[in-house]
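What follows is one structure encoded as structure tokens, with my remarks underneath.
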Amino acid sequence: MPQNDDFKVGNSEQSKQHDGLSPQPEPKMQNLPPLNAKHDKSKEFASPLDEALALHLAVPRSVREFRSFSDLAQHFNVSRMTCYRRKNPVLLERVAWLLSENRFAGNLLIRQNWELIIRGQVRAAIAGSPRAADFCRQEGWPTIDKMMDGTLGK
């Protein structure tokens with residue numbers, strides 16, 4: 001058998017190209033700020049993976065961009081375990097901030113449309129919906145505790 005340097009495993013150009021079967025090294029990720037450093041929670045992370053992880057954890061399942069950590073990992077070409085490992089306290093603080101902002105936006109939307117919500121619930125209660133009737137009873141005749149707490153109408 002003739003010796004040809006082009007067909008040696010470590011020497012050919014083809015062996016240096018990715019064949020789809022061997023694992024690819026993961027791309028280098030930007031590190032999160034150190035755990036003892038103060039990070040402004042209102043600012044996005046420099047790493048798109050970290051920001052996508054924070055958004056994935058902060059938004060409801062029905063509106064998530066990625067259905068699972070596996071989909072998220074596949075999109076960013078990293079392993080699923082990398083996604084789990086990157087959940088550290090700095091990232092979770094960003095998640096908590098995003099959750100509070102989403103809650104605030106939701107509460108504002110409800111308060112802006114409260115009259116329409118009540119009108120719709122009253123119509124549904126008149127039509128015979130027991131859930132709507134219970135909602136109207138709770139809002140129309142609040143308990144003493146709610147009145148004393150000052151949470152009436154909130």
Exercise. What length, rounded to one decimal in nm, is gained on full extension from Ser79 through to Ile110, with 0.36 nm per residue of separation minus their alpha-carbon distance?
Worked result: 7.2 nm
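Work out the length of the dipole vector of region 39-106 about its Cα centre, built from +1 on the beta-carbon of each Lys and Arg and -1 on the beta-carbon of each Asp and Glu, and round it to the nearest 20 debye.
260
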For this session: Starting with the highest mean, order 85-98, 128-141, 104-117 by the number of other Cβ atoms within 10 Å, averaged over the residues of each peptide.
Result: 85-98, 128-141, 104-117
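Where a number appears in this text, it was derived from the coordinates with a stated rule and is not lab data. All figures in this text were calculated on a predicted structure; none of them were measured in a lab. Cβ coordinates were reconstructed from backbone atoms using ideal geometry, including for glycine residues, and neighbour counts include every protein chain displayed.
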